[in-house]
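The structure under discussion appears below in the form of structure tokens.
Each reported figure results from applying straightforward, stated rules to the coordinates on display, with no laboratory input. If you're wondering where the values come from, they're calculated on a predicted model, not measured in any experiment. Cβ placement follows ideal geometry from the backbone for every residue including glycine, while neighbour counts extend to all protein chains displayed.
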Amino acid sequence: MRRGWTRDEDNYLLANYADSTPQELEDYLKRSRPSIYQRATALGLKKSAHYFATAAAGRFGDGTKNNGHRFKPGNAPWNRGFRGWYAEGAEKTWFKKGQRSPTTVPIGSLRISKDGLLQRKISNDAGSNSQRWRSVHELVWVETNGPVPPGHIVIFKPGMKTIDPEQITIDKVECISRAENARRNHQRLGADLIRLYQIKGAITRQVNRINREQKS
């Protein structure tokens, strides 16, 4: 069962994502790196210029990414010559063209996402799972207004969130920019609480630094 994100976890990300290393975020949140990155993107968060100037970002002084592990001219990849190769007999397990897994649920099915949102399946196409399932409140907005503009998200208006499909109507949702969504989240936290999480994050980073130095 997927573990949804709590308000405390979101608050921690809002206060510390910009300046914390991926490892520090993993250690504190006890979540995988991809999960943290996905949540940060959903909250409209980005790393700070200060973070990118540190060695932890893996960049050079000019801002370019560290290329210490890139292939050098003349190096050959381990899988050269294996393109199109597969183990004998593997083809017996392949899906035939147009064939779907017996566990595939039909289009129109509903589910609750890890964030507690009602989603509807809209496609069986291959690719990202996010393209096959869309939040019902977003579909309601799109049906009335067209595609969601780049850099924007559809959210419930304050106090309007529900998982009852009959209650998800256009008057209960709105489309805002990711930046505006992050600003609202910051406002809900309040300046004092944000500062508290920043201090807590700074202490955690110092403890992790000391632990790394003791192990080295």
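Data overview
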| item | result |
| --- | --- |
| Computed E for Asn129/Lys157 - FRET, C-beta separation, R0 30 angstrom, nearest 0.05 | 0.65 |
| Other-chain or far-sequence residues with amide H under 5 Å of Ile122's (modelled H) | Gly108, Trp133, Arg134 |
| Spacing of the two label points (7 Å from each Cα toward its C-beta) at Lys47 and Ile122, in nm | 3.2 |
| Cut-off 13 Å between beta-carbons: net charge of the residues surrounding Trp5, Lys and Arg +1, Asp and Glu -1 | +3 |
| Cα radius of gyration and Dmax for region 125-209 (Å) | 17.7, 51 |
